[in-house]
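Everything below concerns the one structure shown next.
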C-alpha cells in the first residue's frame, strides 16, 4: 500500500495553476484555446481566451480538480471540458452544443525575465 501511495503522489502533486494551451479541431475549423488558471486559497479561478475568435478573459464559472481529474465549465456558452492531468498535459474532451471534441492542453512554460 505504501508503495502505491508513493508512486501515485507525483501525479496528484502536479500544479494546475498556470497557462494551458491547446488547439480545438472542429469539422469547420481549428481554434486555439488558452486557459489561465489561478489558485485562490483552496479553490481555483480561470478564464478562457480564444484568439482565433477574438475572445479574451471569458470567465470559467467552475473549476474542479479531484486528484488528476480536471473539469472546467462555462455555462454561458454551454461548454464543459473534462480531462486527466498528467506530465504537464491535460488530455480530455471539450463538449459544447451537443458535440464533443478531443482536446489536449499543454502547460505553457513560465516567462523568464530578460537580463539586460
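The values are calculated or read from the model by the stated rules, or taken from the named source; none is laboratory data. Just so we're clear, the structure is a prediction, and the values are computed from it rather than from any experiment. Backbone-built Cβ (ideal geometry, glycine too); neighbour counts: all protein chains shown.
Considering segment 41-86, and only residues there that are touching a residue at least 40 places away in the same chain (Cβ under 8 Å) and outside any strand (DSSP E or B), the residue that is surrounded by the most Cβ atoms within 10 Å (Cβ to Cβ) turns out to be 68. Among the residues of segment 79-95, the one identified as in contact with a strand residue (DSSP E or B) (Cβ under 8 Å, 6 or more places away or on another chain) and at pLDDT below 95 is 88. Taking residue 97 as the residue in question, decide whether it is touching a residue at least 24 places away in the same chain (Cβ under 8 Å) and either over 17 Å from residue 22 (Cβ atoms) or loosely packed, with under 15 Cβ neighbours inside 10 Å (or both). Considered against the rule, which asks whether it is touching a residue at least 24 places away in the same chain (Cβ under 8 Å) and either over 17 Å from residue 22 (Cβ atoms) or loosely packed, with under 15 Cβ neighbours inside 10 Å (or both), residue 97 comes out as no.
Counting just the residues of segment 18-40 that are surrounded by 15 or more Cβ atoms within 10 Å (Cβ to Cβ) and over 12 Å from the mean Cα position of the chain (by Cα), which one comes out nearest to residue 106 (Cα to Cα)? Out of the qualifying residues, it is 24. Being at pLDDT 95 or above and farther than 24 Å from residue 14 by Cβ is the requirement here; does residue 100 meet it? Against the criterion (at pLDDT 95 or above and farther than 24 Å from residue 14 by Cβ), residue 100 qualifies.
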